Each structure stands twice: as structure tokens, then as C-alpha cells.
Amino acid sequence: MVRDDKKPVYIIYGFLESGKTQFMNYTISQDYFQMEEPSLLIVCEEGVEEYDEVELKKYNTKMVVIEEKEDFTLEKLASLDEEYKPSRILIEYNGMWDCKNLQFPKDWEIAQQITMADFTTFENYFNNMRSMFADMVRNSEMVIMNRCKDVDKLNGYKRSITALNTNIDVVFEDGDGEVDIPLTDEDLPYDLKADLVEIGLDDYGIFYLDLWQTISRYENKRFHLKTMVMKEPSLPKNFFVAGRPAMTCCADDIVFMGLVCQSRESKNLVDKDTVDIIATVKNEYRNDYGGYGPVLYAESLEKTIPMKDPLVKIFG
């Protein structure tokens, strides 16, 4: 929620021809998005689809094009703010520009950030420009993938995106609107119907991501898995973080895919121990997560030999 004394900023990320302009045109014309005060639309990349300035004028929106990254500066934005005095700022950002450290005038505040993706070019961009795509996704609350054709690929695409930001919403659309992804137990490399679900070493990444996305499928079931230990000082003595390191983007971008775990053996564990766990999953509110999330309750835990390669495999 943007404070009353701040001007909301809406940013759309995405590579060329990902549907940014189409999405922005649609949004600006919607009844729920109307306001009497002026809006400023900053366009940093011009593709095949264009804005109709006559239409923009109907919605009290003025467009400014910034073609060079060197011109997208705090000083430039401040001058535009002074010139147009907008009550709201819309930004169609260039997908080839760094978006990690964007700076805005002090009375601007980000209200929403969305990344657009084109199903037909996703694999190419994701494989060859993963670091740039990762920066967009980490900044965003939502990814909208349009022009979807092969539904069978969507679960894999969703896991690739949520590996970069586990809290992100992913929406798939085809020419008729939003696509429902069939989520079935058969899609998974382990059997959720088993009394004790075996999570293989190569399956931890899928287990972790699907657990966060569809925890209702996992709650109150028992799992057998091997993880590493991370001791977190803020946790009670009978808790630790069970997980594995994962390369979500590049070799310099390693994160620990960890789950809070309760075990009476926790006091005997140290960082980087490898443990064999049988545990039940519960969905609980924890300050560590900043909300509800999966918690492992271990019925048995044993130290074991280190994994030959503990790094989680997520991408193909």
C-alpha cells in the first residue's frame, strides 16, 4: 500500500516483444485504473506495438520516451516530475537494462512491479539471459506469460520462475485468456500417495518449490529426505533449517533452499551436517517466513555421510 503522501509507481519489465505495451495499453483503459489527476507514462523501449497518444490523452496520461539507459537517472526522473506534476507514474522498462538498483524521486513509491514473458521465446531468453530475467523476477510480485500454446510445459516453466522468487504469482494466458495448469500428483517424480514419500536426491528442488506453491498437497504427509543443516540463532534450540544449496541463476548466485525443521536432535547438529530425516509437513505461521509456510516435524533424524554433490538441480 502506497502512503498518501507518495506517488505510486507501476513498473512493467520484460524482454522485447513480451507484451509490455499491450498489457499497459489494456490496463490504462480499464475502469478500475481511472483517475482524474494526470499520469506520466515513461517508455524505455519501443517495439512493434505502439501507444496511441490520442487515446492516452483520453485517460489524462502523458508519454515520455527515454531511449538510453544513461538518461534514466534520478535527476531526469525528478525533472519529469517537476515538468508534468503527475499523480501516478507508469514505467515500461527496457528488458536489457539493469533493474537491480533503480532510484526514484523521494516522493515516488513503487506500488506494483510485473514481469511480462512470451511463451514462444521464454526458453531462449531464460537459457541465454537468465541473470537479467532473474533480476526482473526478483523485483516483481507477478509474472504474466502470454501466448501460451503447450500446456505440458507450463509446470516446468512455473518451477523455473518460482525458483528465482518463491513468493511470486505466475499467470499463464493464451489467446482466450488465463490458462489453468493441471496440477496432478502424476506430474511429480515421487509418489504423494505413499505412506512414506521418498524424496530422491535429484528431486529435492521440485519437492521444495512444489511444496511452497501447493502446500495443501503435502500437509500432514510423511516424507523421507536427505538434507544439509543450517543452524539459525534466532530459532529455538529444538529447531534448525533443513535444506540444500541451489544455483538459481548463475555460479555466483547460490541460495539455501531451506525449511524450518523441529527435532529433538537439533541440539547435537552443527552447520553443514548432512542428515537423513523422516518428517511430517505442517503449514504454520512463522516469523521466520513472514507468514504461513511449511514446517518439518522430524520423527527420526540421523547424521549421515555428506552428499557427493549437494547442489540442487532445478533447471535443465
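The values are calculated or read from the model by the stated rules, or taken from the named source; none is laboratory data. Given the structure is predicted, the values throughout are model-derived calculations rather than measurements. Note: ideal-geometry Cβ built from the backbone for every residue, glycine included; neighbour counts use all protein chains shown.
For segment 195-216, taking the residues that are closer than 30 Å to residue 131 by Cβ and part of a loop (DSSP other than H, G, I, E, B), the one that is nearest to the chain's Cα centre (by Cα) is identified as 214. Of all the listed residues (134, 163, 194, 117), the sole one being touching a residue at least 60 places away in the same chain (Cβ under 8 Å), of a type outside the set (Lys, Arg) and over 20 Å from residue 255 (Cα atoms) is 117.
Taken over segment 260-280, the criterion of being within 23 Å of residue 222 (Cβ to Cβ) and either assigned to a loop (DSSP other than H, G, I, E, B) or in contact with a helix residue (DSSP H, G or I) (Cβ under 7 Å, 6 or more places away or on another chain) (or both) is satisfied by 263, 264, 265, 269, 273.
Within segment 175-194, being at pLDDT 90 or above and not in a loop (DSSP other than H, G, I, E, B) holds for no residue. Criterion first (over 24 Å from residue 16 (Cβ atoms) and not β-branched (Val, Ile, Thr)) does residue 194 satisfy it? Against the criterion (over 24 Å from residue 16 (Cβ atoms) and not β-branched (Val, Ile, Thr)), residue 194 qualifies. All conditions but one from (1) in a helix (DSSP H, G or I); (2) within 25 Å of residue 264 (Cβ to Cβ); (3) not hydroxyl-bearing (Ser, Thr, Tyr) apply to residue 159; the one that does not is (2).
Just one of 43, 48 is in the same structural domain as residue 108 (by TED's automatic domain parsing) and at pLDDT 95 or above; which is it? Don't jump to the end; show me each part of the working.
Values: 48 fails: at pLDDT 95 or above.
Step by step, each of 43, 48 is checked, and only 43 is in the same structural domain as residue 108 (by TED's automatic domain parsing) and at pLDDT 95 or above.
Only one of these conditions is not met by residue 124: (1) over 23 Å from residue 148 (Cβ atoms); (2) modelled with pLDDT under 95; (3) not basic (Lys, Arg). Which number is it? Going through the list (1) over 23 Å from residue 148 (Cβ atoms); (2) modelled with pLDDT under 95; (3) not basic (Lys, Arg), residue 124 breaks only (1).
Condition (residue is surrounded by 15 or more Cβ atoms within 10 Å (Cβ to Cβ) and in contact with a Pro (Cβ under 9 Å, 6 or more places away or on another chain)) applied to segment 18-37: is it met by at least one residue? Scanning segment 18-37 turns up no residue that is surrounded by 15 or more Cβ atoms within 10 Å (Cβ to Cβ) and in contact with a Pro (Cβ under 9 Å, 6 or more places away or on another chain).
I need the full set of residues from segment 128-181 which are farther than 22 Å from residue 99 by Cα and within 8 Å of the chain's Cα centre (by Cα), in order please. Matches in segment 128-181: none. The numbered conditions (1) surrounded by fewer than 17 Cβ atoms within 10 Å (Cβ to Cβ); (2) at pLDDT 95 or above are all true for residue 143 except (1). Against the test of being over 23 Å from residue 116 (Cα atoms) and in the same structural domain as residue 116 (by TED's automatic domain parsing), the options 90, 80 yield a single qualifying residue, 80. Within the option set 277, 206, being touching a residue at least 40 places away in the same chain (Cβ under 8 Å), out of contact with any strand residue (DSSP E or B) (no Cβ under 8 Å at 6 or more places or on another chain) and outside the structural domain of residue 130 (by TED's automatic domain parsing) holds for one residue only, 206.
So that you can scan it fast, the table gives a plain yes or no per residue for (1) among the charged types (D, E, K, R); (2) surrounded by 14 or more Cβ atoms within 10 Å (Cβ to Cβ):
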{"site": "48", "(1), (2)": "no, no"}
{"site": "75", "(1), (2)": "yes, no"}
{"site": "116", "(1), (2)": "no, yes"}
{"site": "123", "(1), (2)": "yes, yes"}
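Can you tell me which residues in segment 1-60 are of a type in the set (Phe, Trp, Tyr) and free of Cβ contacts under 8 Å to residues at least 40 places away in the same chain? Break it down stepwise before answering.
From segment 1-60, those of a type in the set (Phe, Trp, Tyr) are 10, 13, 15, 23, 26, 32-33, 51, 59; that's our starting set.
Listed by number, the residues that qualify are 26, 32, 33, 51, 59.
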